[in-house]
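*Asks:* Before I ask anything, let me first share the structure, which is written out below as structure tokens.
The values are calculated or read from the model by the stated rules, or taken from the named source; none is laboratory data. Please read all numbers here as calculations on a predicted model, not as lab measurements. Neighbour counts are summed over all protein chains in view; Cβ atoms, including those assigned to glycine, are modelled from backbone coordinates with ideal geometry. Accessible surface areas use protein heavy atoms only, side chains included; no ligands, DNA or RNA. Shrake-Rupley method; radii C 1.70, N 1.55, O 1.52, S 1.80 Å.
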Amino acid sequence: MGVPSNQGSLVTRLHREVERFQAWSKTVEQRAEWEDAYPWWNDLYEAVRAVFQSLPAQDWTPEMLHDLLYALARDNEAEEILDELVDHPEVLLQLASVAMAYPDYEARWQVAHALGQLNESPAECDTMLRLLATADQEEYVRRRALLALGNLRSPSAEALALAAWDATEEYQRIVAMEVLHQVQSSHLPRILEAAYRDTRETVRKRAAWIGQQLASLE
């Protein structure tokens, strides 16, 4: 089934806006937060919103999804496209299956975060997040996927959080405590006691904050 002509023009507009960003990106030095300098963000946002509002999820082609993933990855600071994605869960689920193998981690972590915001998440959502939390090559993506599982109160969140704690990496440990707190794990007191003795101040401070939260509920 083809895309109706009125919708097709919106898809073409999105593709052209992505191409314009790609062309601009070749003219600038890509240092930290380099995307912020892009002068036509509003045009890209409007193109994304127009397609979201007009094209049903089942009509998104792989090419359109890749255009959206590129735009999402580049919008990793303002996160306006991410907010739009959370409001369109049908498109999000279509996008997530493609995002798993997308090379830019800036898109993958945002997809993981968006999945964690779903009010009603299907089983496939949990499966994708578990894969991102355990197998993604980028630590930041693994961390955000684990947080998403905690936010969804996934049955797999506790075991994955304990594994993240045992990995001993600083930020994985911080996220592990957050998730164990979210799911009200019986293992949390033991983990906090160990965290208070951690050599890293960031880990100790987060443990203290979570301990204060627990004390305020007593």
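*Asks:* Being over 18 Å from ALA159 (Cβ atoms), open to solvent by 80 Å² or more (accessible area, probe 1.4 Å) and not hydrophobic (A, V, I, L, M, F, W, C) is the filter here; which residues of segment 171-218 pass it?
*Replies:* The answer is TYR171, GLU193, TYR196, ARG197, THR199, GLU201, ARG204, LYS205, GLN212, SER216, GLU218.
*Asks:* Do we find a residue being of a type in the set (Gly, Ala, Ser) and under 26 Å from the mean Cα position of the chain (by Cα) anywhere in segment 181-194?
*Replies:* Looking for residues that are of a type in the set (Gly, Ala, Ser) and under 26 Å from the mean Cα position of the chain (by Cα), one finds at least one in segment 181-194, hence yes.
*Asks:* Would you point out which residue out of TRP34, TRP24, TRP41, TRP60 is open to solvent by less than 50 Å² (accessible area, probe 1.4 Å), modelled with pLDDT under 95 and aromatic (Phe, Trp, Tyr)?
*Replies:* TRP60
*Asks:* Please go through segment 157-182 and pick out each residue that is farther than 12 Å from ARG142 by Cα and of a type in the set (Phe, Trp, Tyr).
*Replies:* The one that is farther than 12 Å from ARG142 by Cα and of a type in the set (Phe, Trp, Tyr): TRP165.
*Asks:* Restricting segment 96-141 to residues that are over 10 Å from the mean Cα position of the chain (by Cα) and acidic (Asp, Glu), which is surrounded by the fewest Cβ atoms within 10 Å (Cβ to Cβ)?
*Replies:* That would be GLU120.
*Asks:* From GLU124, GLU170, which residue is in contact (Cβ under 8 Å) with a residue 24 or more places away in the chain and under 17 Å from MET100 (Cα atoms)?
*Replies:* Testing whether each residue is in contact (Cβ under 8 Å) with a residue 24 or more places away in the chain and under 17 Å from MET100 (Cα atoms) leaves just GLU124.
*Asks:* Out of curiosity, is ARG144 of a type in the set (Lys, Arg), over 21 Å from ALA78 (Cα atoms), touching a helix residue (DSSP H, G or I) at 6+ places or on another chain (Cβ under 7 Å) and buried (at least 22 other Cβ atoms within 10 Å of the Cβ)? Before the answer, list the steps.
*Replies:* On the way: of a type in the set (Lys, Arg): yes; over 21 Å from ALA78 (Cα atoms): no; touching a helix residue (DSSP H, G or I) at 6+ places or on another chain (Cβ under 7 Å): yes; buried (at least 22 other Cβ atoms within 10 Å of the Cβ): yes.
Considered against the rule, which asks whether it is of a type in the set (Lys, Arg), over 21 Å from ALA78 (Cα atoms), touching a helix residue (DSSP H, G or I) at 6+ places or on another chain (Cβ under 7 Å) and buried (at least 22 other Cβ atoms within 10 Å of the Cβ), ARG144 comes out as no.
*Asks:* Can you tell me which condition ALA215 does not meet? The list is (1) modelled with pLDDT under 95; (2) among the small types (Gly, Ala, Ser); (3) closer than 28 Å to ASP83 by Cβ, and all the others hold.
*Replies:* (3)
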